[in-house]
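To start, the structure itself, in structure tokens.
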Amino acid sequence: MSALHVYFGSDAVNSPPVIRKMGMSDAFAALSEGFDDFKAMPTHLIFLAIFYVVAGIALAALSSFGGALQLVFPLAAGFALVGPFVAIGLYEMSRRRELGMKVGLSDALVVAKSPALPSLATLGVALVIIFAAWIAVAEGLYVWLYGSAAPASASAFLGDVLTTQRGWLLIGVGGAIGFLFAVFVLCVTVVAFPLMLDRDIGLLPAVATSLRVAATNPVAVATWGVIVAVLLALGALPLFIGLAVVMPVLGHGTWRFYRRAIEADRAHEQQLEWAGSPGKPARYYSTPHSVLFPPPQ
């Protein structure tokens with residue numbers, strides 16, 4: 001086995017992804033196709049349940065740390081940083097639908113059998129670390145402007161943020177820093193997760209492809225980023241309930257964006273099934289390769 005195969009995997013070397021030229025209309029078309037997928041395969045109740053479980057844990061954690069109200073907004077906004085990983089099951093559902101296969105909710109779990117699972121998980125852990133870094137920066141900014149004491153109440157803190165110079169500074173500087181975090185994650189992951197799930201080319205080639213997509217199609221990627229930000233903000237307004245619809249729509253839309261960004265290569269796409277399904281060779285159910293790069297086929 002050559003070092004080239006160990007570090008890049010056979011698909012990354014023998015069949016590198018071909019990037020298409022995209023325009024602003026492709027981002028809106030991906031959103032429309034993602035919404036069609038959601039209507040055909042609704043998962044909003046699951047996302048609603050997941051959100052409120054996570055929200056309950058977060059609120060309990062905030063209470064245990066003395067009611068850190070200053071972190072409520074950074075936590076809510078930062079959830080978008082890990083969204084691409086949370087949605088990997090939706091990518092698989094969209095792929096199956098586009099192939100004309102019958103799709104059920106259990107098909108979202110078949111990604112657990114993907115040979116790329118270690119690579120997917122590693123990038124997911126990286127996003128969690130980025131999320132933690134964002135929270136640490138947000139807390140540091142608050143301490144710089146307000147001191148180490150937690151806000152006395154939500155209403156008093158909100159009033160201070162909206163009516164004082166230090167509050168405006170918190171909004172402006174915090175928003176700018178959050179924007180940089182969001183742009184970085186968008187460029188690194190815009191097609192990375194769907195590509196690894198679809199082609200299993202390895203973590204670093206997938207991330208490099210995402211960066212190339214962003215460099216080749218800056219308008220389309222920026223438009224997709226704005227769409228994501230606007231929909232997440234709108235979904236968060238009614239007590240975050242709208243995210244139960246927005247998150248799966250964006251998940252399906254991300255797969256559709258990937259399909260528009262990367263030329264399909266059916267000969268190198270993975271077909272995932274549960275172990276024991278007829279007609280599928282055993283290689284679809286094993287994960288023998290390293291975390292960062294798949295082995296040669």
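All of the numbers you see were taken from the coordinates with simple rules; none came from a lab. What you are looking at is a predicted structure, and each value in this text was computed from that prediction instead of being measured. Every residue, glycine as well, gets a Cβ built from its backbone with ideal geometry; the counts of neighbours run over all protein chains shown.
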Gain on full stretching of the segment that runs from ASP36 to ILE19 - 0.36 nm per residue minus C-alpha separation: 3.7 nm
Ranked output for segments 172-179, 148-155, 219-226, 206-213 by mean other Cβ atoms within 10 Å, highest leading, reads 206-213, 219-226, 172-179, 148-155
Label point distance in nm, THR216-ALA136, each placed 7 Å from Cα along Cα→Cβ: 3.5 nm
